[in-house]
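*Asks:* After the structure tokens below, expect a handful of questions from me.
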Amino acid sequence: MKYMSHLIFAASLGFAGLASAQSDSALKATQEKLTLLKGEVNGLTESYLETKGTVDKLAKIKVSGYIQGQWQHADSSGVGGFAGGGFPSTSNQRLQLRRVRLKTIYDNVTSQYVMEFEARPSGVGLKDAEIILNEPWLKTFSLAMGLMDRPFGFEIPYSSSAHEAPERTRVYQTVFKDEKDLGVKLEANPGENMGLAQYFNFKGGLYTGTSGYNGNTTATAGTGDEIDSTLDIIGRVGFKLPFNDLNLAVDGGVSYYGGKVLAANDSLYQMNGTKLVDSTTSPFKKHKNQTFDRNVIGVDLQTYYTIPVIGDFVGGTSLRGEYLTGKTIGTLSGSMPYGTAKDALAERNFMGWYLSWIQNYGTKFQSVVKYDVYDPNTDVEGKNIGLAANGKLGAGDVKFTTLGLGVLYYWDDIVRLTAYYDMITNETVNSAATGSLLPYTKDLKDNVFTLRAQVKF
Amino acid sequence: MKIQKIAAALLLGALPLFSATTITVKGSDTMVILAQRWAEAYMSTHPDVTIQVTGGGSGVGISALINGATDICNASRPMKAAEREKLKTRFNSLGIEVKSAKDGLSVYLDENNPVSELTLDQIKDIYTGKIKNWKQVGGEDAKIVVYGRENSSGTYVYFRDFVLKGEDYTSSMQSLPGTAAVVNAVSKDKYGIGFGGAAYAKGIKFAKVKKDASSPAYEPNAETVKAGTYPITRYLYMYLKSRPTGELKNYIDWTLSPAGQEIVSKVGYFPIR
């Protein structure tokens, strides 16, 4: 028995030693595994930090773009060019790639690089190229240089991809053709910590002006190249009043454009009563290479409101309006000094305005009603146009109104479909009119229906 | 007869489309537990309603609201003017803001850290990198390890705007994904400091915060947050594209009711009233 107990005791010691050895070995293995895992975690951390550095740099690059494809039907062939360019004289319907744009921004916080291209089947053009400096102290002011939107009104800076109607109003397409110009701009957008100043904003600058388009140089129309020694002054003082508790916002501003146009021709047509006559003839004056003033004043107002009670089904409502008036220097054919030949300049007082109502229905649908008026020559009425006694009054002096009705459907967060109908009415000219003015003795058949698909990212 | 059967089958098949309501909620990580608790409680008494809750950060939630990808955006900071501009462009609305709870935005310290009080200026200086050593605020001679959130977080933005007065965070701050990760890091780091919602208080202590050097120090709790004496008190928000109707309105109303606000307290935040 004693022998037996000794044997059990010895065996117990042996097992204990074995168990202890096994336990040490397991601990060692666990420690090794832990060390290995720590190494792997450290490796992953290093790899993450390296990747993060690269990702942080890449995050500064922002790429966006959109494509607008559309089908349009006009009342007749060859109608005018305010619903996406003129129709060919042989067709009243067309498939069109209206805009194809790609924008790249490199945002380095205190500075930005901006470049936007327009690619069309006919070629590639530059739409935007800016160097922007943001001051780091108040985080309020920025200075931009390059090709950019003219800082005037609401419609110009409101992106073509955001516009609910397919095109900007006729007055903007005429007076501020292509929206862009080459210049230097100062902008102030006070932050939310700036007290009352946060509700106001300013942007304004100096621009090469429209002179680059007037055929006085070999500069390519649309590049905004400088051809004279004068600069345009353009600016807007705006406000944004959010009444969050009422879910109402009221925004607006006052804008000014003061520019000059270089004459490429000795003749200058000016209004004399209800006549548009060449002021060169009596007394004889040569106007070539002189500059003439082109001034525009504008006021704009936008309201945003969600109707109470009706709620999510109806959604937000926006009413927007603008009024522009001033003096344009154009050519006889219109108020745009953008002819390709060395056309004579013509001076006119003009007026234009629009009112639009945009209504959301749930998250998918929007409706838009837009009414705009453009009177390129406020000194005359339709009855004055077409009479030989009234000099060179022509199609460029005819007033137009447009009522647009549209429905928009948001297919998903990048695709928007638009059905829009422009009902265009022109002022009728004197029944004695002949030649190219003859069609204007009646309302032109120039209504346009547009079906557009837009993809934007 | 056959046509009638097919029509009946189609009608029955289509019924669920009209009878079930799904509400999507996206945004603040600070609010994700609160939103989940609300959703669970509401769905238990409204079996015909499904509420899907995801986090991602206030910035992510606001982007989703602007893109129309969520019904409700949770945000631990007020929506910025630039974000409202985007809502205006897409929905012609400033968005509807619902204050759904209060939070004492808390400064976390390790339980073993001898420092227990900080002024707002000291917190600002620590997070902007002007104060780098605990000794400068009455603690041990050790480097301060600064933990914070990623820039998609509403807490990150709120803290920067209201505590740092718009200044940038120190480049040495370690950005972590979620308040829980910040709490976890501080709980394992004696010399760490972090910030986040008051509902995440496991294994750390709250720093008592003083408005300035001569003011009393307050810890975030129901009393100090309600009275507004805790200096970093904020609202937690729900944002909607436009005024809610139907089941969405019922749900929002319920979160603001005594039953919904009781869950706010249980989760660790503070009722709005």
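One line per residue, one yes/no per condition, for (1) under 15 Å from the mean Cα position of the chain (by Cα); (2) closer than 25 Å to B:Asn74 by Cα; (3) surrounded by 22 or more Cβ atoms within 10 Å (Cβ to Cβ); (4) not assigned by TED's automatic domain parsing to the domain that holds B:Ser28:
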{"site": "B:Glu117", "(1), (2), (3), (4)": "no, no, no, yes"}
{"site": "B:Ile126", "(1), (2), (3), (4)": "no, no, yes, yes"}
{"site": "B:Trp134", "(1), (2), (3), (4)": "no, no, yes, yes"}
{"site": "B:Val137", "(1), (2), (3), (4)": "no, no, no, yes"}
{"site": "B:Asn151", "(1), (2), (3), (4)": "yes, yes, no, yes"}
{"site": "B:Thr155", "(1), (2), (3), (4)": "yes, yes, yes, yes"}
{"site": "B:Asp168", "(1), (2), (3), (4)": "no, yes, no, yes"}
{"site": "B:Val186", "(1), (2), (3), (4)": "no, no, yes, yes"}
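Residue by residue, here is whether (1) at pLDDT 95 or above; (2) among the acidic types (Asp, Glu); (3) farther than 18 Å from B:Thr233 by Cβ holds:
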residue: B:Gln122; (1), (2), (3): yes, no, yes
residue: B:Asp125; (1), (2), (3): yes, yes, yes
residue: B:Gly138; (1), (2), (3): no, no, yes
residue: B:Arg149; (1), (2), (3): no, no, yes
residue: B:Gly154; (1), (2), (3): no, no, no
residue: B:Ser172; (1), (2), (3): no, no, yes
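*Asks:* Does B:Ser242 meet the test of being buried (at least 22 other Cβ atoms within 10 Å of the Cβ) and either without any contact (Cβ under 8 Å) to a residue 40 or more places away in the chain or more than 19 Å from the chain's Cα centre (by Cα) (or both)? So that I can check it myself, show each step before the final result.
*Replies:* Numbers: buried (at least 22 other Cβ atoms within 10 Å of the Cβ): yes; either without any contact (Cβ under 8 Å) to a residue 40 or more places away in the chain or more than 19 Å from the chain's Cα centre (by Cα) (or both): yes.
It is true that B:Ser242 is buried (at least 22 other Cβ atoms within 10 Å of the Cβ) and either without any contact (Cβ under 8 Å) to a residue 40 or more places away in the chain or more than 19 Å from the chain's Cα centre (by Cα) (or both).
*Asks:* Among the candidates B:Asp103, B:Asp110, single out the residue that is touching an Asp or Glu at 6+ places or on another chain (Cβ under 7 Å) and away from chain A (no Cβ under 14 Å). Even if it seems obvious, please write down each step before you answer.
*Replies:* Values: B:Asp103 fails: touching an Asp or Glu at 6+ places or on another chain (Cβ under 7 Å).
Among B:Asp103, B:Asp110, only B:Asp110 is touching an Asp or Glu at 6+ places or on another chain (Cβ under 7 Å) and away from chain A (no Cβ under 14 Å).
*Asks:* Within region A:248-290, track down each residue that is under 30 Å from B:Ile96 (Cβ atoms), among the aliphatic types (A, V, I, L, M) and crowded, with 18+ Cβ neighbours inside 10 Å.
*Replies:* Of all residues in region A:248-290, those under 30 Å from B:Ile96 (Cβ atoms) come to A:248-253.
Filter once more, keeping what is among the aliphatic types (A, V, I, L, M): A:248-250.
The one that is under 30 Å from B:Ile96 (Cβ atoms), among the aliphatic types (A, V, I, L, M) and crowded, with 18+ Cβ neighbours inside 10 Å: A:Ala249.
*Asks:* Follow-up question, since we're still on this one. Taking strands (runs of 3 or more DSSP E) that fall entirely within region A:234-287, which contain at least 2 residues that are within 14 Å of chain B (Cβ to nearest Cβ) and at pLDDT 85 or above? Before you say what the answer is, go through the steps one by one.
*Replies:* Working: elements: A:248-262, A:268-272, A:275-278.
Hits in region A:234-287: A:248-262.
*Asks:* Next up: Out of (1) out of contact with any Lys or Arg (no Cβ under 7 Å at 6 or more places or on another chain); (2) within 14 Å of chain B (Cβ to nearest Cβ); (3) in contact (Cβ under 8 Å) with a residue 24 or more places away in the chain, the odd one out for A:Asp379 is which?
*Replies:* (2)
*Asks:* Hey, could you check region B:250-262 for residues that are within 14 Å of chain A (Cβ to nearest Cβ) and surrounded by 13 or more Cβ atoms within 10 Å (Cβ to Cβ) and say which is farthest from the chain's Cα centre (by Cα)?
*Replies:* Step one: list which residues in region B:250-262 are within 14 Å of chain A (Cβ to nearest Cβ), which gives B:250-253.
From what's left, surrounded by 13 or more Cβ atoms within 10 Å (Cβ to Cβ): B:250-252.
On the way: B:Asn250: 22, B:Tyr251: 19, B:Ile252: 17 Å.
Only one residue fits best here, namely B:Asn250.
*Asks:* Further question on the same structure: What is the one condition in (1) more than 30 Å from A:Gly183 (Cα to Cα); (2) assigned by TED's automatic domain parsing to the domain that holds A:Val237; (3) without any contact (Cβ under 8 Å) to a residue 40 or more places away in the chain; (4) among the β-branched types (Val, Ile, Thr) that A:Val79 does not satisfy?
*Replies:* The failed condition is (3).
*Asks:* Looking at B:Glu223, B:Glu247, can you tell me which residue is over 19 Å from the mean Cα position of the chain (by Cα) and within 11 Å of another protein chain (Cβ to nearest Cβ)?
*Replies:* Values: B:Glu223 fails: within 11 Å of another protein chain (Cβ to nearest Cβ).
Criteria check complete, one pass: B:Glu247.
*Asks:* Sticking with this structure for a sec: Given the conditions (1) charged (D, E, K, R); (2) crowded, with 17+ Cβ neighbours inside 10 Å; (3) modelled with pLDDT of 80 or more, report the number of the one that A:Asp293 does not fulfil.
*Replies:* Going through (1) charged (D, E, K, R); (2) crowded, with 17+ Cβ neighbours inside 10 Å; (3) modelled with pLDDT of 80 or more one by one, A:Asp293 breaks only (2).
*Asks:* Applying the selection to region B:226-237, what residues are away from every other protein chain (no Cβ under 14 Å) and in contact with a strand residue (DSSP E or B) (Cβ under 7 Å, 6 or more places away or on another chain)? Outline the logic, then answer.
*Replies:* The first filter runs over region B:226-237 and keeps only residues away from every other protein chain (no Cβ under 14 Å), leaving B:226-234, B:236.
Scanning region B:226-237 gives B:Lys226, B:Thr229, B:Tyr230, B:Pro231, B:Ile232, B:Thr233, B:Arg234, B:Leu236.
*Asks:* Another question, if that's okay. Output yes when any residue across region B:79-95 is away from every other protein chain (no Cβ under 11 Å), assigned to a loop (DSSP other than H, G, I, E, B), modelled with pLDDT under 95 and under 27 Å from B:Ala259 (Cα atoms), and no when none is. Give the derivation first.
*Replies:* Going residue by residue through region B:79-95, those that are away from every other protein chain (no Cβ under 11 Å) are B:83.
Next, only the ones that are assigned to a loop (DSSP other than H, G, I, E, B) stay: none.
For region B:79-95, residues away from every other protein chain (no Cβ under 11 Å), assigned to a loop (DSSP other than H, G, I, E, B), modelled with pLDDT under 95 and under 27 Å from B:Ala259 (Cα atoms): absent.
*Asks:* Those residues that are of a type in the set (S, T, N, Q) and outside any strand (DSSP E or B), I need them from region B:103-128; list them, please.
*Replies:* Taking region B:103-128 and keeping what is of a type in the set (S, T, N, Q), we get B:106, B:112-113, B:116, B:119, B:122, B:128.
Hits for region B:103-128 are B:Asn112, B:Asn113, B:Ser116, B:Gln122, B:Thr128.
*Asks:* Hey, does region A:361-372 have a residue that's more than 14 Å from chain B (Cβ to nearest Cβ) and under 30 Å from A:Leu276 (Cα atoms)?
*Replies:* yes
*Asks:* So for region B:194-216 (the condition being surrounded by 21 or more Cβ atoms within 10 Å (Cβ to Cβ), hydrophobic (A, V, I, L, M, F, W, C) and assigned to a helix (DSSP H, G or I)), does at least one residue qualify?
*Replies:* Looking through region B:194-216, none of the residues is surrounded by 21 or more Cβ atoms within 10 Å (Cβ to Cβ), hydrophobic (A, V, I, L, M, F, W, C) and assigned to a helix (DSSP H, G or I).
*Asks:* Which one of these does A:Gly43 not meet: (1) in a helix (DSSP H, G or I); (2) of a type in the set (Gly, Ala, Ser); (3) under 21 Å from A:Gln173 (Cβ atoms)?
*Replies:* A:Gly43 satisfies every listed condition except (3).
*Asks:* When residues of region B:161-187 are filtered for being without any contact (Cβ under 8 Å) to a residue 12 or more places away in the chain and within 11 Å of chain A (Cβ to nearest Cβ), how many remain? So that I can check it myself, show each step before the final result.
*Replies:* Of the residues in region B:161-187, the ones without any contact (Cβ under 8 Å) to a residue 12 or more places away in the chain are B:166, B:181.
Those left that are additionally within 11 Å of chain A (Cβ to nearest Cβ): B:166.
Total meeting the criteria: 1.
*Asks:* A further question follows. If you check every pair at least six apart or on different chains, which have Cβ atoms under 6 Å apart with a residue in region A:439-457 that is closer than 30 Å to A:Asp413 by Cα and touching a residue at least 60 places away in the same chain (Cβ under 8 Å) first and a residue that is part of a loop (DSSP other than H, G, I, E, B) and not charged (D, E, K, R) second?
*Replies:* A:Val448/A:Ala83; A:Thr450/A:Pro166; A:Arg452/A:Pro166; A:Val455/A:Ile414; A:Lys456/A:Ser161; A:Lys456/A:Ile414; A:Phe457/A:Ile414
*Asks:* Of the conditions (1) surrounded by 13 or more Cβ atoms within 10 Å (Cβ to Cβ); (2) over 26 Å from A:Gly404 (Cα atoms), A:Gly69 fails just one. Which one is it?
*Replies:* Condition (2) is where A:Gly69 drops out.
*Asks:* Any chance you could count how many residues in region B:52-76 are crowded, with 24+ Cβ neighbours inside 10 Å, away from chain A (no Cβ under 11 Å) and not in a helix (DSSP H, G or I)?
*Replies:* Residues that pass the stated criteria total 6.
*Asks:* Residues A:Thr378, A:Thr331: which one is in contact with a strand residue (DSSP E or B) (Cβ under 7 Å, 6 or more places away or on another chain), at pLDDT below 95 and either in the same structural domain as A:Asn295 (by TED's automatic domain parsing) or crowded, with 21+ Cβ neighbours inside 10 Å (or both)? Please lay out each step first, then the result.
*Replies:* Values: A:Thr378 fails: at pLDDT below 95.
Step by step, each of A:Thr378, A:Thr331 is checked, and only A:Thr331 is in contact with a strand residue (DSSP E or B) (Cβ under 7 Å, 6 or more places away or on another chain), at pLDDT below 95 and either in the same structural domain as A:Asn295 (by TED's automatic domain parsing) or crowded, with 21+ Cβ neighbours inside 10 Å (or both).
*Asks:* While we're on this one: Output the residues belonging to region A:384-398 that are of a type outside the set (S, T, N, Q) and part of a helix (DSSP H, G or I). Quick ask: steps written out before the conclusion?
*Replies:* Within region A:384-398, the subset of a type outside the set (S, T, N, Q) is A:385-389, A:391-398.
Within region A:384-398, A:Ala388, A:Ala389, A:Ala395, A:Gly396, A:Asp397 qualify.
*Asks:* Continuing with this model, one more query. Residues A:Phe152, A:Phe141, A:Phe87: which one is in contact with a Ser or Thr (Cβ under 8 Å, 6 or more places away or on another chain) and under 30 Å from A:Pro190 (Cα atoms)? Please lay out each step first, then the result.
*Replies:* Values: A:Phe141 fails: in contact with a Ser or Thr (Cβ under 8 Å, 6 or more places away or on another chain); A:Phe87 fails: under 30 Å from A:Pro190 (Cα atoms).
Every option except A:Phe152 fails the conditions.
The values are calculated or read from the model by the stated rules, or taken from the named source; none is laboratory data. Keep in mind the model is a prediction, meaning the values are calculated, not measured. Quick reminder, even Gly has a Cβ in these numbers, built from the backbone with ideal geometry, and neighbours come from all protein chains shown.
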